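Scroll down for the structure; my scribbles are underneath it.
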Amino acid sequence: MRMVEVRRETKETTIAIRLDPDGAGKVMADSGVPFFDHMLNAMARHGGFDMTLAAKGDLHVDCHHTVEDIGIVLGDAIKQAIGEGKGMKRFSHAIIPMDESLAQVTLDCGGRSYLVWTGSFGNKAVGGIPSDLFEHFFYSLCTRAGITAHISFSGRNDHHKCEAVFKAFGIALGEALSITGDKKTVRSTKGKF
């Protein structure tokens, strides 16, 4: 069982995440930002991993610190769940449509942090969240987790584009974290991540 719990407290936020990559898609997200909870719920449910999130942030300022720090803490949780990566699939991808929108996510959970973000939103905010903050969330997550992610999306409706991205990321992440091989080996020519 690779269930992990991570808590982080700063002057701006207090965040606790419980993550079980071997779960069944049970999610409880309470960030104080309803649209972001909707996105996190879609990500974990479709990814097939269990996640409980409780966050309190300085939302009286705006939602930047809360969304960013959730990315940091979720990234830390993923990194802990990966551990040495023995038996883990490591690579995965997903292409997900949502009506007129299409998102593609390709992941390598092998310890190298990098994000390529290709796509844009038509409005300055999606669900009350500044549009540029979604890229920053995934950047924070990937940096902390040691994930290389290529995320691309297109479409007309910003809600659809954003939700397709979160679903695709969740599906790819769930698959990449799955244990599919020899539980004594790491999928790396180096022998470790």
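With the convex hull of its Cα atoms as the shape, region 47-193 has an orientation-averaged projected area of 8.7 nm². Sorted ascending by nearby beta carbons within 10 Å, beginning with the fewest, ARG112, ARG187 become ARG112, ARG187. Principal axis extents of the Cα atoms in region 1-63, from largest to smallest and rounded to whole angstrom, are 36, 22, 11. Each of HIS136, HIS46 was scored by other Cβ atoms within 10 Å of its Cβ. Listed from fewest to most, they are HIS136, HIS46. The angle between the Cα long axis of helix 132-145 and the longest principal axis of the Cα atoms of the chain comes to about 20 degrees, rounded to the nearest 10. Calculated mean residue ellipticity, 222 nm, the chain: -11500 deg cm²/dmol, from DSSP H runs (n ≥ 4) at -39500 (n - 2.57) each, averaged per residue and rounded to 500. Name the residue from SER101, GLY146, PHE166 whose Cα lies farthest towards the positive end of the charge dipole of the chain, charges +1 on Cβ of Lys and Arg and -1 on Cβ of Asp and Glu. Final value for the positive-end residue is GLY146. Along its three principal directions, the equivalent ellipsoid of region 80-150 from the Cα gyration tensor extends over semi-axes of 26, 15, 9 Å, largest first. Arranged from fewest to most other beta-carbon atoms within 10 Å of their beta carbon, PHE138, PHE166 become PHE138, PHE166.
Cross-link pairs exceeding 29 Å between alpha carbons, from the set LYS161/LYS184; LYS26/LYS183; LYS26/LYS89; LYS86/LYS161: LYS161/LYS184; LYS86/LYS161. Where a Cα-Cα gap under 19 Å defines reach, which lysines qualify for LYS11, not counting those fewer than 8 residues away within the same chain? LYS11 reaches LYS56.
Every number here is computed from the coordinates shown, using simple stated rules; none is lab data. This is a predicted model, so every value here is computed, not measured. All Cβ positions, glycine included, derive from the backbone under ideal geometry; neighbour counts span all protein chains shown.
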